Amino acid sequence: MLALLFALQSADPPTYSGLAKQLAVAIPRIAADARVDGVLDEPVWQRAARLIGFSQYRPVDGRPAEDSTEVLVWYAPDAIWFGVRAYEPHGNVVRATLADRDNIDADDNIQILLDTYNDHRRALLFAVNPLGVQEDGVRSEGQDAGAAGGGASATGRFDGVVDLSPDFVYQSRGHLTEWGYELEVRIPFKSLRYQSADPQSWGLQVVRVVQHSGYEDTWTPVFRASASFLIQSGRLTGLTELKRGVVVDLTPEFTSKVDGAPAGAGYDYRGTPELGGNVRWGISQNLGLAATAHPDFSQVEADVGQVTVNERFALFYPEKRPFFLEGLEQFDTPNRLIYTRQIVQPVAGAKLTGKVGATAVAYLGAVDDHTQSTAGSNPVYNLLRLRRDLGASSTAGLVYTDRIDGDDYNRVLGGDAMAVWKKIWFSQAQLVSSWTSDAGGARAGQFWAVTFADRTGRNYGNHFELLGATPRFATRSGFINRVAFVQARIANRFTWYGRPGALVEQVTTFIALLPLWRYDDFFRLRGIFEGGPQMTWTATLRGGWNLNTVVTNSAQRFDPDVYAGYRVDRTVDTISFAVPHGLYNLWSVNAGVGTPNRAFTFNANVGYGATAIFAEAAAGRRVVVQATAGWKPTPAVRIEARWAHVRLTRARGGSRFSTANIPRLKLEYQLSRAVFFRYVGQYFAQDQVALEDPRTGQPIVVSGGGGAAAVTNDFRNDLLFSYKPLPGTLVFFGYGTSLIEPEAFRFQNLSRASDGFFLKISYLLRM
């Protein structure tokens, strides 16, 4: 017996090659432990399953990886362990910096994707750079992130959505070697949700990002010609006797905020200290309940500035608040029917998320502050999302939301379904109704969207979608910022791939038609209201360079109801404003370039073309410049400069209508993995001249005020000290101030408009 045990312990570990399609991994269960130090020298690693044979996925799929990667994996009763040896034969080219959590995209990194329900819909993402700095989140199949909404925390790709909002508690360490780098990762089962079966199988994919080449490699071969990325993953089989234990996380919080503002006799500061906290209870392996009271919902820096001149509809800002971020991906719906930033200043909230059998369940209830009410009460929100798995990749879902404010209410009920067929095609449909009662009376409306077909082929793809909203549709819990329209989205994609070693590795063009009709006009077969054809070209060059060009030809008509309050001032009298005829053949072009991720990076886009000036219902010309430069002089220092410039001129006479300049500077010093300092400075300079009649040049007067020239020159500065050893345990101390001046960028007559100090202390108690 002893001889047999010795033989088992001495045997070579099982090896699974992705290139050889050995994708079912029977990882060993070992009742042992190891020290997470980034060095794979303990005896237990010699018994781990070994994953090799990586393939290139991006920019060209189906080729063997240029750099060799070896992943070791085993599990103990309470955690799953990964060890990585990433070989780099090209010399000292590995990118590795100290960084704040979720800020390692410019570094070499390893991404571990665990599909713990093995349903090919979502996978938990655990990424680590060569120094062990962590990035985590959820990778979801589909084209839209409803609750998270994209932006900084979510990256939309043709192969799904990556949401970096969630933070998981796990351990990781790494170090550089003469042959590349080595990593060690321990993920406790206490930090995961998974099936209740025993034994069970999990989906597994490992992605290696190599910055010097700009390549992404995957352990299992992943091909572009598929409607699902996760269905091409491998599997961890035979997982048994997983000991999660009782999962109760308590996070008491102390927050103090002191806001300053000009007062009659100088400057007035008022503080609002508050005690609050969160509790999270893992009811079972697959269901979790979270609750909060007096939560901290402050932001530690201002949102990135967006140009608001010439915008007709509300602008989208991503969610950043901690309580809402956990499990947010389970509230995803097509077309953003759940948008948690509608809950502005909550007093309390509760959330249930998880999966029961083949049905994903997500519920959020919250009570907002009375200052967000029109009736003097506390608005109450209920948000429910259910999604049922059908077959290998298809789904059917239900969403219900309501906002109750005294006697006023807004209720939304909708269903959606997605069917994947012949592996590279999918179709999707959504039908939604809303019922609203407020000072404007009771009304009902509908929203609908149908993707008739979407083909994801390697060299050719297409997409045909139709969506619309009736004039009376409304959602107070989602983000659909326009109604009374029908839009078609028709696109064809063609992709060409270069030979191995070629300068041009990939070229893709999208040829799209994006017409939009007023709702009634569509069904009466009338002409479009706006939109037109668009062609996009993107090219990936060897070494990670990117080029892109977009050419658009659009039309724009004007809605007379929008200008009903306009009058033209003729000095001695006023007359009604005559809405001009629509504009056609509005050509525009945008071109951009992006450098590889090195110590210095640069991305820029420049656009010019004809446009509509909506405030005057006039033709105009638009110049847009957006540039971002990043510099990492040391592994601990990051500098990022961003500039956005938009200038609108009138086609009639060429006079200037508006100018916006938004420079933004971010400086970060990462003292250690847990401690960093940050400064963000942003100057928002935007001006607009008085409105004029596009036919006569005479002034326009808008009923209720408006039409006059407007100037904003706001210089915002934010300083932050952060100590965050693990998610939930942190100390934030920050100061922010807004300064204004009459003339932009003079820095001579700055006056303080507001400022404030912010302190947050929280501690994670994990039981």
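Among residues belonging to region 1-19 that are over 35 Å from the mean Cα position of the chain (by Cα) and not in a helix (DSSP H, G or I), point out the one that is modelled with the highest pLDDT. For region 1-19, the residue satisfying everything is 15. Can you tell me how many residues in region 449-473 are hydrophobic (A, V, I, L, M, F, W, C) and surrounded by 17 or more Cβ atoms within 10 Å (Cβ to Cβ)? Counting residues in region 449-473 that are hydrophobic (A, V, I, L, M, F, W, C) and surrounded by 17 or more Cβ atoms within 10 Å (Cβ to Cβ) gives 5. Taking the criterion of being small (Gly, Ala, Ser) and modelled with pLDDT under 90, the residues of region 358-390 that qualify are 373, 375, 376. In region 21-32, the residues that are assigned by TED's automatic domain parsing to the domain that holds residue 219 and modelled with pLDDT of 95 or more form Cβ pairs under 6 Å with partners that are assigned to a loop (DSSP other than H, G, I, E, B) and surrounded by 16 or more Cβ atoms within 10 Å (Cβ to Cβ), at six or more places apart or across chains, as follows: 23/220. Among the candidates 631, 643, the residue that is closer than 24 Å to residue 548 by Cβ, under 23 Å from the mean Cα position of the chain (by Cα) and surrounded by fewer than 20 Cβ atoms within 10 Å (Cβ to Cβ) is uniquely 643. Hey, does region 693-705 have a residue that's closer than 22 Å to residue 748 by Cα and either crowded, with 18+ Cβ neighbours inside 10 Å or of a type in the set (A, V, I, L, M) (or both)? No, that holds for no residue. Would you check if residue 674 is in the same structural domain as residue 753 (by TED's automatic domain parsing), of a type in the set (Gly, Ala, Ser) and in contact (Cβ under 8 Å) with a residue 24 or more places away in the chain? Spelling it out, residue 674 is indeed in the same structural domain as residue 753 (by TED's automatic domain parsing), of a type in the set (Gly, Ala, Ser) and in contact (Cβ under 8 Å) with a residue 24 or more places away in the chain. If you check residue 759 against the conditions, is it over 16 Å from residue 259 (Cα atoms) and either modelled with pLDDT of 90 or more or within 27 Å of the chain's Cα centre (by Cα) (or both)? Considered against the rule, which asks whether it is over 16 Å from residue 259 (Cα atoms) and either modelled with pLDDT of 90 or more or within 27 Å of the chain's Cα centre (by Cα) (or both), residue 759 comes out as no.
Can you spot a residue in region 52-60 that is of a type in the set (Lys, Arg) and farther than 30 Å from residue 195 by Cβ? Within region 52-60 (the criterion being of a type in the set (Lys, Arg) and farther than 30 Å from residue 195 by Cβ), the answer is yes, since at least one residue qualifies. If the condition is being closer than 18 Å to residue 592 by Cβ and among the charged types (D, E, K, R), then region 604-632 contributes only 622.
Any idea how many residues of region 226-257 are within 30 Å of residue 757 (Cα to Cα), among the hydroxyl-bearing types (Ser, Thr, Tyr) and buried (at least 21 other Cβ atoms within 10 Å of the Cβ)?
Count: 1.
Checking each residue in region 182-200 for being over 29 Å from the mean Cα position of the chain (by Cα) and surrounded by 19 or more Cβ atoms within 10 Å (Cβ to Cβ) picks out only 182.
Each residue in region 235-276 was checked for being within 28 Å of residue 724 (Cα to Cα) and touching a residue at least 40 places away in the same chain (Cβ under 8 Å), and 18 of them qualify. Test residue 579 against the stated conditions and say whether it is in a strand (DSSP E or B) and either surrounded by 15 or more Cβ atoms within 10 Å (Cβ to Cβ) or touching a strand residue (DSSP E or B) at 6+ places or on another chain (Cβ under 6 Å) (or both). Here the answer is no, as residue 579 does not meet what is asked.
Does residue 624 satisfy being out of contact with any Cys (no Cβ under 6 Å at 6 or more places or on another chain) and surrounded by fewer than 17 Cβ atoms within 10 Å (Cβ to Cβ)? Here the answer is no, as residue 624 does not meet what is asked. Cβ-Cβ distances below 6 Å connect the following pairs, each with a first residue in region 116-138 that is more than 19 Å from residue 169 (Cα to Cα), a second residue that is among the acidic types (Asp, Glu) and assigned to a strand (DSSP E or B), and a separation of six or more residues or different chains: 119/389. Among the residues of region 39-64 satisfying the criterion of being of a type in the set (Gly, Ala, Ser), surrounded by fewer than 21 Cβ atoms within 10 Å (Cβ to Cβ) and at pLDDT 95 or above, which is farthest from the chain's Cα centre (by Cα)? Among residues in region 39-64 that are of a type in the set (Gly, Ala, Ser), surrounded by fewer than 21 Cβ atoms within 10 Å (Cβ to Cβ) and at pLDDT 95 or above, the one farthest from the chain's Cα centre (by Cα) is 49.
Where residues in region 550-576 are of a type in the set (S, T, N, Q) and assigned to a strand (DSSP E or B), which of them is surrounded by the most Cβ atoms within 10 Å (Cβ to Cβ)? Within region 550-576, the match that is surrounded by the most Cβ atoms within 10 Å (Cβ to Cβ) is 554.
Among the conditions (1) out of contact with any Lys or Arg (no Cβ under 9 Å at 6 or more places or on another chain); (2) closer than 30 Å to residue 359 by Cβ; (3) of a type outside the set (Val, Ile, Thr); (4) crowded, with 22+ Cβ neighbours inside 10 Å, the only one that residue 83 does not satisfy is (2). Filtered by the rule that a residue be assigned to a loop (DSSP other than H, G, I, E, B) and surrounded by fewer than 21 Cβ atoms within 10 Å (Cβ to Cβ), region 364-420 gives 369, 373, 374, 375, 376, 377, 378, 391, 392, 406, 407. Meeting the requirement of 1 or more residues that are in the same structural domain as residue 217 (by TED's automatic domain parsing), at pLDDT below 80 and at negative phi, the strands (runs of 3 or more DSSP E) wholly within region 76-171 are 154-157.
The values are calculated or read from the model by the stated rules, or taken from the named source; none is laboratory data. Just so we're clear, the structure is a prediction, and the values are computed from it rather than from any experiment. Here Cβ is always computed from backbone atoms with ideal geometry, including for glycine, and neighbour counts include all displayed protein chains.
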